[in-house]
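Inspection log for the structure reproduced underneath, given as structure tokens.
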Amino acid sequence: MENTNPKWRVALGGDHAAVDLKNEIIVFLKEQGHEVTDYGPNSTDVCDYPDYAHPVCNAIEEGKHDFGVLICGSGIGISIAANRHKGIRAALVWNSELAEITRKHNNSNVICLGARFVAPFHAKKMVETFLNAPFDEGIHVPRLAKLNTF
């Protein structure tokens, strides 16, 4: 059966703890036909997640990518860094249900994962669910507008 899901421009970034999982997700996304850009890192040498989160988020805000996948050891730090950007709605998720809800209710454009807490199989499923879930709009639009009033 032909895959009828949309093809997206996806940016990925992380830190040293996320390199292996990030690389697995890149292969998976390319197999799904998505356009993928890897913002690094490409080494397990210790590095700082903001150095990779900010370029991914800047590129999304500039319209170069539709979505982002950010990964660090816990997912917490990189999600905090991402949400410093006004045009980013990043969500740390740990299951597919949350990946779907954050797209449907929050129109999130970045999914954050904790490499030390999520198996690759589950991470790929969460990313796939996130990318394929539509924004439900309706009652959620005014709520999202309030996020930009501060």
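Only residues that are surrounded by 17 or more Cβ atoms within 10 Å (Cβ to Cβ) and free of Cβ contacts under 8 Å to residues at least 40 places away in the same chain: list them for segment 108-128, please. Please lay out each step first, then the result.
Narrowing segment 108-128 to residues surrounded by 17 or more Cβ atoms within 10 Å (Cβ to Cβ): 108-115, 118, 123-124, 126-128.
Of everything in segment 108-128, those that are surrounded by 17 or more Cβ atoms within 10 Å (Cβ to Cβ) and free of Cβ contacts under 8 Å to residues at least 40 places away in the same chain turn out to be 108, 126.
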(request) Quickly run through segment 48-91 and pick out the residues that are outside any loop (DSSP other than H, G, I, E, B) and either surrounded by fewer than 22 Cβ atoms within 10 Å (Cβ to Cβ) or of a type in the set (D, E, K, R) (or both). (result) 50, 51, 54, 55, 58, 59, 61, 67, 76, 77, 80, 91
(message) Just to verify a result, which residue in segment 19-37, among those that are in contact with a Gly (Cβ under 9 Å, 6 or more places away or on another chain) and in contact (Cβ under 8 Å) with a residue 40 or more places away in the chain, is surrounded by the most Cβ atoms within 10 Å (Cβ to Cβ)?
(response) 22
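Could you list, in sequence order, all residues of segment 63-83 that are touching a residue at least 24 places away in the same chain (Cβ under 8 Å) and not hydrophobic (A, V, I, L, M, F, W, C)? Before you say what the answer is, go through the steps one by one.
Taking segment 63-83 and keeping what is touching a residue at least 24 places away in the same chain (Cβ under 8 Å), we get 64-79, 81-82.
Across segment 63-83, the qualifying residues are 64, 65, 66, 68, 73, 74, 75, 77, 79.
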(request) Please work out if residue 58 is among the polar types (S, T, N, Q) and free of Cβ contacts under 8 Å to residues at least 24 places away in the same chain. (result) no
(request) Identify, from the list 91, 82, the residue that is under 11 Å from the mean Cα position of the chain (by Cα), at pLDDT 95 or above and under 16 Å from residue 148 (Cα atoms). (result) 82
(request) Test residue 15 against the criterion of being acidic (Asp, Glu), surrounded by 18 or more Cβ atoms within 10 Å (Cβ to Cβ) and closer than 15 Å to residue 77 by Cβ, and give yes or no. (result) yes
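The values are calculated or read from the model by the stated rules, or taken from the named source; none is laboratory data. Everything numeric in this text was worked out from a predicted model, so none of it was measured. Don't worry about glycine lacking a Cβ; one is built from the backbone with ideal geometry, like all the others, and counts go over all protein chains shown.
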